[in-house]
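Readers should treat all values here as calculations from the given coordinates under stated rules, not as data from a laboratory. Quantities reported herein were computed from a predicted structural model and do not represent experimental measurements. Neighbour counts run over all protein chains shown; Cβ positions are idealised from the backbone, glycine included.
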Amino acid sequence: MVSRNRIEDIGALDGGLGWNGNAVNVSKAAGVMVANNSIRRAAFSAVRAHEADDAVITDNLCLDSGETGIYAEYGFSGAVISANLVDGAANGVSVVNFNEGGRLATVSANLVRNLFRRKNLDEPGEGYGGGIGVEADTAVTGNVVENAPEIGILAGFGPYLRDVTVSGNVVRACGVGIGVSVVEGVGAASVVGNTISGCRLGAVLGYRWREVVTQDLTLAGGDRRSGLLVSQNAVR
């Protein structure tokens with residue numbers, strides 16, 4: 001257990017793509033709980049779980065992270081990410097790498113806000129700016145995401161999407177409210193009962209990797225895709 005610590009000003013002097021610069025780094029360790037920590041100004045992540053099965057990340061205060069605030073990545077199975085506050089990060093919460101076997105999570109009751117774009121680490125140009133991103137066997141419920149310049153909540157990337165539900169979330173003042181991968185062969189996904197407000201580029205859009213390929217899926221007569229349910233979302 002990593003609990004009730006105050007951790008500040010974590011650097012990444014040796015560089016790299018994320019193995020340095022994390023306030024709490026759980027790597028290849030199963031059954032770890034990271035709870036009730038106050039974390040400020042980590043160069044990369046406030047909490048990073050790498051190939052860590054059955055990780056519980058809950059009730060942490062994560063301020064001003066330089067990259068992704070809370071990360072569950074690569075070959076993990078089972079993650080609970082709940083009731084965290086992430087204010088200021090390049091991405092808020094990422095539960096990814098289904099291509100490496102990363103799967104099975106709940107992301108619930110988190111407050112994620114004030115995301116920003118920054119220079120990409122492994123390719124030219126700028127990126128980031130997303131609130132919550134997930135890929136496989138995951139429920140995203142009851143979160144509030146505000147002020148993400150790219151996408152508030154993203155389900156899947158390219159072919160990496162399976163059995164994801166996005167429900168009961170509040171998404172405000174983002175570029176796109178909710179994005180869903182619609183690449184051929186993706187698994188099932190549902191986007192139901194969310195409140196989406198002030199998202200200037202659209203409420204729910206379908207993506208092929210980074211390209212928007214559908215109209216707003218909340219509009220009457222919008223695209224209908226096999227295995228994708230979009231309904232009962234309140235949009236303004």
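Projecting the Cα atoms of Thr218, Ile39, Ala83 onto the dipole axis of the stretch 2-235, where Lys and Arg carry +1 and Asp and Glu carry -1 at the beta carbon, places Thr218 farthest toward the positive end. When the scattering of the stretch 196-236 is computed by the Debye formula from its Cα atoms alone, each counted once and equally, what is log10 I(q)/I(0) at q = 0.18, 0.25, 0.27, 0.34 Å⁻¹? The computed values of log10 I(q)/I(0) come out as -0.51, -0.94, -1.06, -1.32. Once you divide the Cα radius of gyration of the chain by 2.2 N^0.38 Å, the number left is 0.94. Sorting Arg200, Arg117 by the number of Cβ atoms found within 10 Å of their own Cβ, with the fewest placed first, yields Arg200, Arg117.
GNM remark for the chain: springs join alpha carbons under 10 Å apart, and the peak mean-square fluctuation among Gly158, Gly15, Gly206 falls on Gly15.
Any idea what the dipole of the stretch 122-225 comes to, in debye rounded to 20, about its Cα centre with Lys/Arg Cβ at +1 and Asp/Glu Cβ at -1?
360 debye
Eigenvalues of the Cα gyration tensor times 5, then square-rooted: what semi-axes does that give for the stretch 154-236, in whole angstrom, largest first? The three semi-axes for the stretch 154-236 are 19, 13, 12 Å.
In the stretch 1-107, the alpha-carbon atoms span a convex hull of 79 Å³ per residue.
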